[in-house]
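Notes for the one structure printed next.
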Amino acid sequence: MAPELSSNWKKLQEKLKAPPTKSAPISQEAAFKQAISKKSISSETLKRKAEESQQQQASNPSKKPKRQPSKPRPSSNSSSSKPTNGEMGGNVQSKPTTSSSPNTILPSLHLWADENGISSESLAEAYNLGLRTSSSHIPLLSTLPPAIPNAGLTLPGQSSSTSTGLPLPADLPTTLTLSNGTTLTSSTTTDLALILQATKSNTLGKYLSIDCEMVGTGPSGTTSVLARCSIVDFHGHQIYDSYVKPTAFVTDWRTHVSGISKRHMASARSFESVQATVAALLKGRILVGHDVKHDLEVLGLEHPHRDVRDTAKYSGFRKYGHGPKPSLRVLAKEVLGVEIQQGQHSSVEDARVAMLLFRKEKHGFDMENSNRYEEGQGKKGGKSGGGGGGKKKKGKK
């Protein structure tokens with residue numbers, strides 16, 4: 001006879017035989033209260049831990065909290081974190097980016113530089129201000145004042161040549177006759193005197209960038225003549241801008257590209273006046289530009305080759321060209337990340353972009369220029385030496 005089961009075993013068997021009962025779902029609040037009662041954790045402690053976790057997430061944004069796949073959290077709008085391009089100066093589109101770089105020049109350093117005849121561009125070059133990071137050119141373009149067409153001579157820190165405040169010679173002539181017989185007006189003579197004074201005071205600097213706009217003459221309009229000339233300094237500040245009266249009858253104004261029409265000629269300066277002013281500005285300085293030979297050709301000027309920095313000929317930019325040389329528009333987009341020449345060209349903006357391209361690769365430009373002309377001088381010296389030696393040998397025989 002089998003032994004009788006205890007009462008505990010009987011109760012266990014009844015529970016096993018009984019059908020399973022579904023427990024009613026409890027709310028999240030009830031589960032939270034139940035967890036608190038089991039673990040004996042106060043609400044103040046939970047709140048404190050939650051605040052600590054939020055502070056940790058704020059200090060370590062790379063650590064993202066786990067997300068439930070069933071309830072995806074809406075992501076923030078990515079476009080709000082990306083800078084959008086805004087229009088600047090008509091043709092160059094860029095937006096300033098905030099920078100926390102501590103690289104700034106103290107006022108005392110500026111005073112010291114002025115007393116010792118050191119230009120502001122030399123300070124910027126020495127301290128590498130705005131030239132190292134890939135986006136440093138964008139604040140430069142966007143913070144520059146818009147171009148002022150036909151403003152004439154505008155020296156650094158001044159709005160016009162008539163308010164420069166620079167001392168002028170007391171015996172300044174009202175007119176000036178050049179060696180070729182051309183007579184310059186009093187305003188041009190004043191500009192030349194102001195340029196001379198600015199050169200002596202070292203306010204113009206060593207580097208200038210130029211860009212010109214041309215219009216077409218001749219039966220088919222393919223012969224180019226000067227219609228606008230713009231010059232900016234090392235920092236992109238407008239130094240000179242003028243419409244120029246064409247020296248021949250215009251058959252194609254090329255307005256869709258040049259932005260110039262016949263109505264601009266009402267206030268344009270004579271070609272001789274612009275030529276004389278530009279020649280005075282460029283004398284003794286490094287000329288920067290894109291395909292500069294065309295600008296000098298329409299100006300009827302020459303400039304020492306070793307004092308030219310042409311962005312169209314720099315070897316470091318050849319990879320961006322689909323031919324012998326890249327266009328300024330392509331270089332602006334690929335190297336600087338800005339869009340230019342979307343419609344009518346602005347010679348001031350083009351000159352600024354050329355200067356920025358030069359500044360970004362200034363070390364490479366200087367090295368390439370130095371190597372080219374040092375090698376040229378070495379070859380000339382070697383040839384002359386060889387020739388002299390040959391003559392001596394023949395004399396001995």
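Test of understanding: among 205, 289, 300, 216, which residue is within 24 Å of residue 146 (Cα to Cα) and at pLDDT 95 or above?
When all the criteria are applied, what remains is 289.
With the checklist (1) modelled with pLDDT of 90 or more; (2) farther than 28 Å from residue 259 by Cα in hand, flag the one item residue 348 doesn't pass.
That leaves (2) as the condition not met.
Look through region 300-315, keep the residues that are open to solvent by 50 Å² or more (accessible area, probe 1.4 Å) and in a loop (DSSP other than H, G, I, E, B), and return whichever of them is farthest from residue 274 (Cα to Cα).
313
Can you tell me how many residues within region 210-258 are open to solvent by less than 20 Å² (accessible area, probe 1.4 Å), part of a loop (DSSP other than H, G, I, E, B), in contact with a strand residue (DSSP E or B) (Cβ under 7 Å, 6 or more places away or on another chain) and under 25 Å from residue 310 (Cβ atoms)?
1
Quick check, is residue 288 in a strand (DSSP E or B) and more than 14 Å from the chain's Cα centre (by Cα)?
yes
Looking at (1) over 19 Å from residue 359 (Cβ atoms); (2) modelled with pLDDT of 95 or more; (3) surrounded by fewer than 22 Cβ atoms within 10 Å (Cβ to Cβ); (4) not acidic (Asp, Glu), which is the only condition residue 274 fails?
Every listed condition holds for residue 274 apart from (3).
The values are calculated or read from the model by the stated rules, or taken from the named source; none is laboratory data. These numbers were taken from a predicted model, which means no experiment stands behind them. In this analysis, Cβ positions are derived from the backbone assuming ideal geometry, glycine residues included, and neighbour counts consider all displayed protein chains. Heads up: the accessible areas ignore ligands, DNA and RNA and are worked out on the full protein's heavy atoms, side chains in. Shrake-Rupley method; radii C 1.70, N 1.55, O 1.52, S 1.80 Å.
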